[in-house]
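Notes follow the structure.
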Amino acid sequence: MEPRSTDMDMDIVDRELAAAAREASPTRYVSRDSREIERVLSAATSSSTTSSSSSSAQPYQRMGISRISTQPDLERHPTALSRIATQRSQHSNTVGRSLKSRESRKPLPAMGAGKPYPPPLPEQEEYVVEFDGPDDPMHAQNWPLRKKMMTAVILGFTTLTSAFASSIFSAATGPVSQEYSVSSEVGLLGVSLYVLGFAFGPTLWAPLSELKGRRPPLVIAMFGFSVFSIGAATGKDIQTILLCRFFAGFFGACPLAVVAAVFSDLFDNRTRGVAITIFSMAVFSGPLLSPFIGGFMVESHLGWRWTQYLVTIMGFVAFLLDLFFLEETYPPVILVAKAAELRRRTRNWGIHAKQEEIEVDFRELVSKNFSRPMRLLLFEPIVTLLSIYMAFIYGILYLFLTAYPIVFRGVHGFNAGESGLTFFGMVVGQLLAGTTVLLQQPWYLRKLKANHGVPVPEWRLHSVVVGAAFFAAGIFWFGWSGYTAEVHWIVPTLSGLFTGFGLMSIFLQSLNYLVDSYLMFAASAIAGNTFLRSLAGAGFPLFAQQMFNGMGIQWASTVLGGLAALMVPIPLIFLLYGHKIRAKSAYAPTFAAPAMGEDDSLEAGFDVSVPEPGPVSPERTTSGTIGANGGAAYLERQGPEYEKEADRASSEHSAARSSVPRTTGGSRGDDVV
């Protein structure tokens, strides 16, 4: 195939955007031919590029990355190109990648024994290990389907265990309060403090999964979770039980923070959405499956302590499964193991993986895991309003752990186990919502392909608007059908179909919307969102009993339903005006769609991310890559310090688009042609 001309490789829109970026920061951008991409020489490619590189300009380096002409690879291996871009994005955004804050003022230590400093490695990038093409069996996405499914089942059980443990203690609050002579609110702290652990746990587990891989945090966390669950089961005083519950939640937050990221390692663009949707259904259904099990245990001769013994058994089973059968899936850490084997067998100590260049930096850790999420939560309207809405809904989920027993035990005379069975109305509603989202996947992929592989975030919000209406209606239904025994118990039970459907629709697609809107800052946006909603989940159960007993079931539900109805316009406003709000954001990126042909795969241009239902690994979101038909200009912003550069590029891009008949999308929210 004859190489295409440079003018065809980058169209006028891409040239305008790249020019604006170069003018804004000339030191960060070096001119190069659009047929060149950043990549590493390997044995498979070095022979094919020797002749061409000898006749062309000598490759140069920026940030230690070699550039060589790879136009044939652009045509042959779009999947490999997407993975290269994903790995570079992961590496550049991992905590500890930047060493600016670690610059030492101390003099450089001597080599010792009178040795001079050795010369630097020639062509340092040649010593960096990579995957051997798009079909390398070491890459988790190339594992056999059976192995992927076994990993998914193990992680599904691990996550279910953590979610299950969050609410099973709700059945034990009464007996615990009586045994230790404390108020019912103090007894409820066993649930609240566990959920509070969900707010703080990801600050450790998420960056650790970026630095050391997915497997070590999961193994460590499930062991810690099981140990503290034993403490809660055997505690001799209320303070021991409550402290153990908090730390069990802290360790139990790890699967919520890491497992969805494992699924993104395992599955490609077309199957990842389905996998994570099913995972989300397990996460949000878990808290509603445990009340009836805990209720029957409390009513039996086993007593309330067996609610925690059961969780301990489940935790140790998950720990053993993760320890013996879970393999590492995070590509950078897989390459670390590969480099270690190559060093051992070749005795060439210069061989290394990119991940081994990273040093933990405390200041950067604080910035990415505390400072930036709080800035987004407080100053980004989309993150602020959606987080308030989702915190309210998450709080209602855990408030129902107290409200349902008030209705079904206090009004209808059920025992604890029978009362827990009524939560299955909400479980079925959540399953229906998850199925609806799965059925929308072909529609979403068609729109994505029509828009050149660039997602428009507002596509996600149609389900959120519908779910918001169902959620508010379900609360009214529950209150006004459950306050009197004259209405059959099945009627308030069936209200869970609406509340469950609304809860899952809102959560799943709202998290997707945050990821699509903020891309490389999505983890920070979701971290702030998770922190606020975990606080609500911990706080709402504490006032539920006073609210429902003091106001009456019907009026308490009316207040909550009215608040839910008042919040319905939040997703509707973002559906109509979200693209304008994001255009003014300092964090929501703006980019042009790659030029893709009709037969181009989605993997050729972009890695379409679907988020985890809980906190996610920091700064792990995949960004755009070079399309199969040419170089799409891409501006990767690293924070507010590049706002001027991004604004300049954005204005130039808009001016170019006004005169060029081309469809674009993404964060601008442009219409799909």
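The values are calculated or read from the model by the stated rules, or taken from the named source; none is laboratory data. It should be emphasised that the depicted structure is a prediction, and the values quoted were computed from it without experimental measurement. With ideal geometry, Cβ positions are generated from the backbone for all residues, glycine too; neighbour counts draw on all protein chains shown.
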Discussion item. Considering only residues that are surrounded by fewer than 12 Cβ atoms within 10 Å (Cβ to Cβ) and within 19 Å of LEU335 (Cβ to Cβ), which ones fall in the range 136-153?
Written reply: PRO137
Discussion item. Condition check: crowded, with 22+ Cβ neighbours inside 10 Å, modelled with pLDDT of 90 or more, within 23 Å of GLY395 (Cα to Cα) and touching a Ser or Thr at 6+ places or on another chain (Cβ under 8 Å). Does GLY295 satisfy that?
Written reply: yes
Worksheet item: Using beta carbons and a limit of 9 Å, which pairs, at least six apart or on different chains, have the first residue in the range 118-146 and under 30 Å from LEU108 (Cβ atoms) and the second one among the β-branched types (Val, Ile, Thr) and at pLDDT 90 or above?
Response: TYR127/ILE351; VAL128/ILE351; VAL129/VAL336; VAL129/ILE351
Worksheet item: Taking into account only those residues within the range 369-395 that are closer than 27 Å to SER209 by Cα and of a type in the set (A, V, I, L, M), which is farthest from the chain's Cα centre (by Cα)?
Response: LEU378
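Condition test on MET504, is it free of Cβ contacts under 8 Å to residues at least 40 places away in the same chain, in a helix (DSSP H, G or I) and touching a helix residue (DSSP H, G or I) at 6+ places or on another chain (Cβ under 7 Å)?
Against the criterion (free of Cβ contacts under 8 Å to residues at least 40 places away in the same chain, in a helix (DSSP H, G or I) and touching a helix residue (DSSP H, G or I) at 6+ places or on another chain (Cβ under 7 Å)), MET504 does not qualify.
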Practice prompt. Could you name every one of the helices (runs of 4 or more DSSP H) located completely within the range 145-247 that has at least 1 residues being over 24 Å from the mean Cα position of the chain (by Cα)?
Written response: 145-168, 173-179, 184-200, 215-234
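So that you can scan it fast, the table gives a plain yes or no per residue for (1) assigned by TED's automatic domain parsing to the domain that holds SER557; (2) over 21 Å from the mean Cα position of the chain (by Cα); (3) surrounded by fewer than 24 Cβ atoms within 10 Å (Cβ to Cβ); (4) at pLDDT below 90:
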position	(1), (2), (3), (4)
THR422	yes, yes, no, no
TRP489	yes, yes, yes, no
PRO492	yes, yes, no, no
ILE506	yes, no, no, no
Practice prompt. Would you point out the residue of the range 232-246, among those that are touching a residue at least 12 places away in the same chain (Cβ under 8 Å) and buried (at least 18 other Cβ atoms within 10 Å of the Cβ), that is farthest from GLY190 (Cα to Cα)?
Written response: ALA233
Worksheet item: Of all residues in the range 533-562, which are of a type in the set (A, V, I, L, M, F, W, C), surrounded by fewer than 22 Cβ atoms within 10 Å (Cβ to Cβ) and closer than 21 Å to PRO287 by Cβ?
Response: LEU535, LEU542, PHE543, MET547
Worksheet entry | Residues of the range 260-310 that turn out to be hydrophobic (A, V, I, L, M, F, W, C), farther than 23 Å from VAL428 by Cα and in a helix (DSSP H, G or I), as a count | 8
Worksheet entry | Out of PHE400, PHE470, sole residue that is out of contact with any Phe, Trp or Tyr (no Cβ under 7 Å at 6 or more places or on another chain) and either part of a helix (DSSP H, G or I) or surrounded by 17 or more Cβ atoms within 10 Å (Cβ to Cβ) (or both) | PHE400
Worksheet item: Which ones in the range 315-332 are surrounded by fewer than 22 Cβ atoms within 10 Å (Cβ to Cβ) and of a type in the set (A, V, I, L, M)?
Response: VAL317, LEU320, LEU321, LEU323, LEU326
Practice prompt. Using the structure shown, decide if THR277 is within 20 Å of LEU218 (Cα to Cα), outside the structural domain of ASN415 (by TED's automatic domain parsing), under 25 Å from the mean Cα position of the chain (by Cα) and surrounded by 18 or more Cβ atoms within 10 Å (Cβ to Cβ).
Written response: no
Worksheet item: Restricting attention to the range 298-315, does a residue exist that is touching a residue at least 60 places away in the same chain (Cβ under 8 Å), in the same structural domain as MET222 (by TED's automatic domain parsing), of a type outside the set (Val, Ile, Thr) and closer than 23 Å to ARG214 by Cβ?
Response: yes
Fill in: Filter result for the condition that a residue is of a type in the set (S, T, N, Q), in the same structural domain as PHE164 (by TED's automatic domain parsing) and under 28 Å from PHE325 (Cα atoms), over SER264, SER184, SER192
SER264
Response to the item:
Restricting attention to the range 338-356, the residues that are part of a helix (DSSP H, G or I) and surrounded by 14 or more Cβ atoms within 10 Å (Cβ to Cβ) number exactly 8
Worksheet item: Given the structure, is PHE531 within 21 Å of the chain's Cα centre (by Cα), in a helix (DSSP H, G or I) and of a type in the set (Phe, Trp, Tyr)?
Response: yes
